[in-house]
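Read the structure below first, then the notes.
The values are calculated or read from the model by the stated rules, or taken from the named source; none is laboratory data. Fair warning: this is a prediction, and the values are worked out from it, not measured in the lab. A quick note on method: Cβ atoms are made from the backbone with ideal geometry, for glycine too, and the neighbour counts reach across all protein chains shown.
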Amino acid sequence: MNQTWVQLAYLAAAICFVLALKGLSSPKYARRGNALGAIGATIAVVVTLVAEDFDHMPAILVAIALGTAFGVPAARRVQMTAMPQLVALFNGVGGGAAAIVALVEFLSVGDDSGLGALTASAFTVLIGSVSFSGSVITFLKLQGLMTSRPVVFPGMQVLLPVAAIASVGLAVGVIGTRSIPMIYALAAVSLLLGVLFVLPVGGADVPIVISLLNAATGVAVAASGFVLDNVLLLVAGTLVGASGTLLTLLMAKAMGRPIGSTLFGALSGSSTLGGGEASDRPVKSLGPSDVAVMLTYAERVVIVPGYGLAVAQAQGALKELVDLLGERGVEVSYGIHPVAGRMPGHMNVLLAEANVPYEQLKEMDEINPELPTTDVVLVVGANDVVNPAARTPGTPISGMPIINVDQAQSVVFLKRSMRPGFAGIENELLFDPKTQLLFGDAKDSLAQTVTALKSL
Amino acid sequence: MDGVALITIFVLSIFVGFEVVSKVSTILHTPLMSGANAIHGVILVGAIIVTGHADTDVELWLGLVAIVMATVNMVGGFVVTDRMLQMFRPRQSAAKRSDA
């Protein structure tokens with residue numbers, strides 16, 4: 001395994017990974033970067049397969065074929081709206097694989113391994129298991145198979161630290177005693193820890209958790225490099241762990257919330273824990289033809305899209321409306337909140353899918369100064385990212401930077417119902433005198449507005 | 001390889017990991033996360049090694065499960081990232097594609 005040519009091939013793969021991450025950070029080279037990463041991974045796997053005369057070779061190849069048969073169609077067919085949960089799932093199985101690798105290595109050489117490798121094994125099982133079960137819960141939340149609101153039950157404030165301490169204790173026990181039942185117990189408690197860790201994280205904070213778990217899997221893979229004395233696993237895992245940690249901090253910064261309150265806020269009662277119930281306070285509603293008139297006679301219109309747009313698959317209808325308005329001389333741009341959608345940058349992906357020109361997309365800092373001189377803001381399926389409650393202290397989203405839609409001349413919300421957004425808190429802007437609401441499915445509403453506009 | 005050498009590589013890799021993504025724009029957060037996610041699928045290498053050395057049925061089956069999981073992570077991860085990035089293509093080439 002440690003022949004020179006294998007090590008050199010691993011070095012080539014590691015270089016590919018560094019260049020892949022570098023490329024993925026710039027719009028121009030992102031796709032090439034990803035391809036380079038795939039090439040590096042392929043080199044690594046092929047070299048590993050031929051470097052040594054392994055037992056069970058047919059079974060290994062069948063397992064790889066099986067994994068490809070699951071992974072490729074899932075990645076090809078997934079709707080772009082459902083992509084965050086697929087990434088979470090892919091991350092989870094990676095973490096699970098790392099935990100199993102360390103477990104199997106422990107079972108086969110447990111008695112002979114040195115203290116360093118043993119410590120790394122216990123650590124990999126712990127982190128890998130947390131990442132696996134945490135990612136599965138994230139997947140269930142995003143897929144709508146369980147509530148997206150924070151789940152807190154009595155005693156959780158106690159149970160979470162107890163599980164954390166128990167898993168660290170078991171890890172130390174494994175290192176001290178090399179006991180096989182104990183490493184299975186470690187895996188079980190760590191799985192529980194992952195579940196408890198993600199359950200109280202609510203709504204809008206889920207993307208940050210995916211990013212964090214992604215970094216955690218990277219760290220687990222790096223630790224497995226220590227276990228197997230494999231430099232490539234060490235380098236690749238560390239790269240992902242470090243870049244993932246930085247990315248998580250950048251995302252938390254984009255949301256204006258410290259990472260601690262994102263993760264543990266619900267436990268101390270200050271997180272995105274909201275009512276989730278529909279309000280019955282009076283609002284002004286209007287019809288599609290009214291919206292068409294308002295938009296046509298406006299000079300400047302800003303569209304603020306949110307996850308509701310993606311759910312309704314209304315990107316195409318929205319683009320049609322914007323193109324029509326453009327033909328009539330209305331200046332239209334999109335105001336994109338950094339965390340609109342379910343992951344940072346998610347909305348940019350969705351709008352790019354609908355062929356919206358890049359120049360029309362404006363980031364929050366760019367659009368906010370323009371809002372006081374904007375005639376109409378059309379909010380399509382967004383809520384939390386325009387909620388002025390973020391400016392007053394003491395609310396679940398306090399401190400999150402928002403798009404200052406309330407400064408525009410008038411606001412039209414396209415909403416399915418009066419239910420609050422993902423963060424589960426009421427939006428005062430809905431009851432503002434300059435706000436009007438068009439109820440219904442975003443795609444239908446936009447199509448009706450387009451029809452009305454054409455007949456004007 | 002001795003422990004100190006491994007730790008040296010580990011520490012230097014941390015700096016490289018921080019450095020390469022330090023200037024990423026918000027637009028690319030999602031594809032970057034997804035691409036990094038695919039890269040840690042290289043745990044497949046580890047899964048192949050432990051499975052190839054498996055002595056008992058338990059080790060073999062656990063190893064094979066790890067191979068399937070790691071392959072899903074790696075292959076699926078790169079494919080889904082590529083799909084995301086496909087949508088960021090410049091306008092001209094996107095138009096050409098729909099003409100073809």
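Things worth noting here:
- Of everything in segment A:352-382 that is under 20 Å from A:Gln85 (Cα atoms) and touching a helix residue (DSSP H, G or I) at 6+ places or on another chain (Cβ under 6 Å), the residue that is modelled with the lowest pLDDT is A:Glu353.
- Residues of segment A:280-306 that are at pLDDT below 80 and under 20 Å from A:Asp406 (Cα atoms): A:Arg281, A:Pro282.
- Pair list, Cβ under 8 Å, 6 or more apart: segment A:49-77 residue farther than 26 Å from B:Arg83 by Cα, other residue among the hydroxyl-bearing types (Ser, Thr, Tyr) and crowded, with 17+ Cβ neighbours inside 10 Å: A:Phe54/B:Thr51; A:His56/B:Thr51; A:Ala59/B:Thr51; A:Ile60/B:Thr51
- Selection from segment A:372-422 of residues that are more than 24 Å from the chain's Cα centre (by Cα), acidic (Asp, Glu) and over 24 Å from A:Val450 (Cα atoms): A:Asp406
- Taken as a whole, the condition of being surrounded by fewer than 24 Cβ atoms within 10 Å (Cβ to Cβ), facing chain B (nearest Cβ under 8 Å) and not acidic (Asp, Glu) does not apply to A:Leu115.
- A:Glu331 among the acidic types (Asp, Glu), closer than 20 Å to A:Ile367 by Cα and touching a Gly at 6+ places or on another chain (Cβ under 9 Å): no
- Of residues in segment A:1-33 being of a type outside the set (Ser, Thr, Tyr) and within 17 Å of A:Gly345 (Cα to Cα), the one modelled with the lowest pLDDT: A:Pro27
- Residue tally, condition surrounded by 19 or more Cβ atoms within 10 Å (Cβ to Cβ), assigned to a helix (DSSP H, G or I) and of a type outside the set (A, V, I, L, M, F, W, C), over segment A:324-348: 2
- Every pair of residues 6+ apart whose Cβ atoms lie under 8 Å, when the first sits in segment B:1-12 and is closer than 19 Å to A:Gly114 by Cα and at the interface with chain A (Cβ under 9 Å from one of its Cβ atoms) while the second is part of a helix (DSSP H, G or I) and β-branched (Val, Ile, Thr): B:Met1/A:Val231; B:Leu6/A:Val231; B:Phe10/A:Thr238
- In segment A:45-62, residue nearest to the other protein chains (Cβ to nearest Cβ) [restricted to those that are in contact with a helix residue (DSSP H, G or I) (Cβ under 7 Å, 6 or more places away or on another chain) and assigned to a loop (DSSP other than H, G, I, E, B)]: A:Phe54
- In segment A:30-44, the residues that are facing chain B (nearest Cβ under 8 Å) and among the aliphatic types (A, V, I, L, M): A:Ala30, A:Ala35, A:Ala38, A:Ala41, A:Ala44
- In segment A:67-85, the residues that are surrounded by fewer than 24 Cβ atoms within 10 Å (Cβ to Cβ), facing chain B (nearest Cβ under 7 Å) and part of a helix (DSSP H, G or I): A:Thr68, A:Phe70, A:Val72, A:Ala74, A:Arg76
- Selection within segment A:23-64: residues that are over 28 Å from the mean Cα position of the chain (by Cα) and small (Gly, Ala, Ser). The member of this set that is farthest from A:Ala12 (Cα to Cα) is A:Ala59.
- Any chance A:Phe153 is aromatic (Phe, Trp, Tyr), modelled with pLDDT under 95 and closer than 30 Å to A:Val78 by Cβ: no
- Checked against the criteria, A:Ile175 does not count as in a helix (DSSP H, G or I), within 11 Å of another protein chain (Cβ to nearest Cβ) and touching a residue at least 24 places away in the same chain (Cβ under 8 Å).
- Scanning segment B:45-61 for residues that are crowded, with 21+ Cβ neighbours inside 10 Å and either polar (S, T, N, Q) or more than 7 Å from chain A (Cβ to nearest Cβ) (or both) gives a single hit, B:Thr51.
- Exactly one residue out of A:Ser417, A:Ser398, A:Ser410 is among the polar types (S, T, N, Q) and within 23 Å of A:Val293 (Cβ to Cβ): that is A:Ser410.
- Single residue of A:Leu361, A:Leu321, A:Leu351 found to be on the phi < 0 side of the Ramachandran plot and either surrounded by fewer than 17 Cβ atoms within 10 Å (Cβ to Cβ) or more than 14 Å from chain B (Cβ to nearest Cβ) (or both): A:Leu321
- Where B:Leu64 falls short, out of the listed (1) at pLDDT 95 or above; (2) surrounded by 24 or more Cβ atoms within 10 Å (Cβ to Cβ): (2)
- Residue check, B:Thr30 buried (at least 24 other Cβ atoms within 10 Å of the Cβ) and either at the interface with chain A (Cβ under 7 Å from one of its Cβ atoms) or modelled with pLDDT under 95 (or both): yes
- Of everything in segment B:13-27 that is within 7 Å of chain A (Cβ to nearest Cβ) and part of a helix (DSSP H, G or I), the residue that is nearest to the chain's Cα centre (by Cα) is B:Gly17.
- Test for A:Val6: is it surrounded by fewer than 22 Cβ atoms within 10 Å (Cβ to Cβ), outside any loop (DSSP other than H, G, I, E, B) and either in contact with a Ser or Thr (Cβ under 6 Å, 6 or more places away or on another chain) or at the interface with chain B (Cβ under 9 Å from one of its Cβ atoms) (or both): no
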